[in-house]
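So the structure is just underneath, and the comments pick up after that.
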Amino acid sequence: MTILRRALLAAPLAMPALAQNNAIRLVVGFPPGGSTDMVARLMQPHLASILGAPVVVENRPGASGALGAQQVARAAGDGTTWAVVFDTHAVNPFLIPNIGFDSKRDLAPVMLIGTAPNLVLKHRSRPWADFPAMLAAARARPDTVTYGTIGNGSLAHLTMSLAQVNGNFKVVHVPYRGGGPLVTAAASAECDLYVATLTVFTALLREGTVVPLAVTSGARVSALPQVPTMAELGVPGINAQAFWGVLGPATTPAPIRTRMEAAVREVLNLPEVRSRLTDQLGVDVVAGDGAAFGAFLDGQMEVWGRVVRENNIRPD
């Protein structure tokens, strides 16, 4: 047993739930099968071992993750309820009127788990050899090429909205309700293109069902070094990173938040967890503490809130 784990289990300011052996909930605002669900379920058994209490993943899909976040924002700050969020968390306040909570006032950042660029992928049945060929087709016949994402207002949607302005092309957005439904759609070629993280499309990439055309980060990624950035392909100003993080109710006492942060950090330091996240799911592990995650969220909200306003993006 590590020194950190012994300290956590012996801490006098333990979560009240642990004394009562109540389950600790990780609330995911998306259906099973998506990247946020995968990350939560990867952490689940290890957190249970470290915290000495049952840990359950609770899927509360809807409103691009906002329903799950709302549930946590309204929960008691007793250490039993936490949110595992995706990049939509930074966008939803600008996208959804009367969201029902204030993301800065009602939720406390605990840990920035990691980041990953989105991929622009085509279904293998589509004729384009590469991204420039797709661009040529989209410019020749605007609003005929379709692309799927995990939902309206997702980082993938906003990135493509910005790319269309910067790259002078027009494609049609098809929003799905999470990564699981998007993967199902991609397997049956419902759209021409898909924009999502490697985390979501690992299996379909391995099978050759989808083919990567570009990444949305500012530099190429080590997992797919052969795939160029959008900037390299003539679409400037695109540097978008998906992210995953943990938040709790703002009323959660600092010692309990600190304990949860330490537990998540210990999980992320486990070689088998880090390997799965990095090598298999394409997540760059950050393990940023609550203060770092809060600053990161502020920056994301500033950038993507502006994209929502300037492109007049509306919720589903």
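So Gln70 passes all but one of these: (1) in a strand (DSSP E or B); (2) touching a Phe, Trp or Tyr at 6+ places or on another chain (Cβ under 6 Å). Which condition number does it fail?
(1)
Residues to consider are Thr36, Thr115; find the one that is assigned to a helix (DSSP H, G or I) and among the hydroxyl-bearing types (Ser, Thr, Tyr).
Numbers: Thr115 fails: assigned to a helix (DSSP H, G or I).
Answer to the check: Thr36.
Test Gly33 against the stated conditions and say whether it is out of contact with any strand residue (DSSP E or B) (no Cβ under 7 Å at 6 or more places or on another chain), within 27 Å of Leu281 (Cβ to Cβ), surrounded by fewer than 18 Cβ atoms within 10 Å (Cβ to Cβ) and of a type outside the set (Lys, Arg). Spell out the reasoning first.
Details: out of contact with any strand residue (DSSP E or B) (no Cβ under 7 Å at 6 or more places or on another chain): yes; within 27 Å of Leu281 (Cβ to Cβ): yes; surrounded by fewer than 18 Cβ atoms within 10 Å (Cβ to Cβ): yes; of a type outside the set (Lys, Arg): yes.
Yes, satisfied.
Would you confirm whether any residue within the range 118-131 is within 22 Å of Leu193 (Cβ to Cβ), without any contact (Cβ under 8 Å) to a residue 60 or more places away in the chain and not β-branched (Val, Ile, Thr)? Before you say what the answer is, go through the steps one by one.
Start the filter on the range 118-131 by keeping residues that are within 22 Å of Leu193 (Cβ to Cβ), which leaves 118-131.
So of that shortlist, the ones also without any contact (Cβ under 8 Å) to a residue 60 or more places away in the chain come out as 127, 129.
Then keep just the ones that are not β-branched (Val, Ile, Thr); that gives 127, 129.
Yes, some residue in the range 118-131 is within 22 Å of Leu193 (Cβ to Cβ), without any contact (Cβ under 8 Å) to a residue 60 or more places away in the chain and not β-branched (Val, Ile, Thr).
Could you say which residue among Gly248, Gly218 is within 23 Å of Thr80 (Cα to Cα) and within 21 Å of the chain's Cα centre (by Cα)? Lay out the reasoning, then the answer.
Details: Gly218 fails: within 23 Å of Thr80 (Cα to Cα).
Gly248 is the lone residue from the list that is within 23 Å of Thr80 (Cα to Cα) and within 21 Å of the chain's Cα centre (by Cα).
What number of residues within the range 102-121 satisfy the criterion of being buried (at least 19 other Cβ atoms within 10 Å of the Cβ) and more than 30 Å from Pro212 (Cβ to Cβ)?
Residues of the range 102-121 buried (at least 19 other Cβ atoms within 10 Å of the Cβ): 103, 107-121.
From the residues that got through so far, the ones that are more than 30 Å from Pro212 (Cβ to Cβ) too are 103, 107-110.
Looking only at that region, the number is 5.
Please determine whether any residue of the range 88-99 is over 30 Å from Ala287 (Cα atoms), of a type in the set (Ser, Thr, Tyr) and in contact (Cβ under 8 Å) with a residue 24 or more places away in the chain.
Of all residues in the range 88-99, those over 30 Å from Ala287 (Cα atoms) come to 97-98.
From what is left, the residues that are of a type in the set (Ser, Thr, Tyr) are none.
No, the range 88-99 contains no residue that is over 30 Å from Ala287 (Cα atoms), of a type in the set (Ser, Thr, Tyr) and in contact (Cβ under 8 Å) with a residue 24 or more places away in the chain.
Gly153: surrounded by 21 or more Cβ atoms within 10 Å (Cβ to Cβ), assigned to a loop (DSSP other than H, G, I, E, B) and not assigned by TED's automatic domain parsing to the domain that holds Asp289, yes or no? Before the answer, list the steps.
On the way: surrounded by 21 or more Cβ atoms within 10 Å (Cβ to Cβ): yes; assigned to a loop (DSSP other than H, G, I, E, B): yes; not assigned by TED's automatic domain parsing to the domain that holds Asp289: yes.
Taking the combined requirement at face value, the residue satisfies it.
The values are calculated or read from the model by the stated rules, or taken from the named source; none is laboratory data. Note that this is a predicted model, so its numbers are computed, not measured. Note that we place each Cβ from the backbone using ideal geometry, even for glycine, and neighbour counts take in every protein chain shown.
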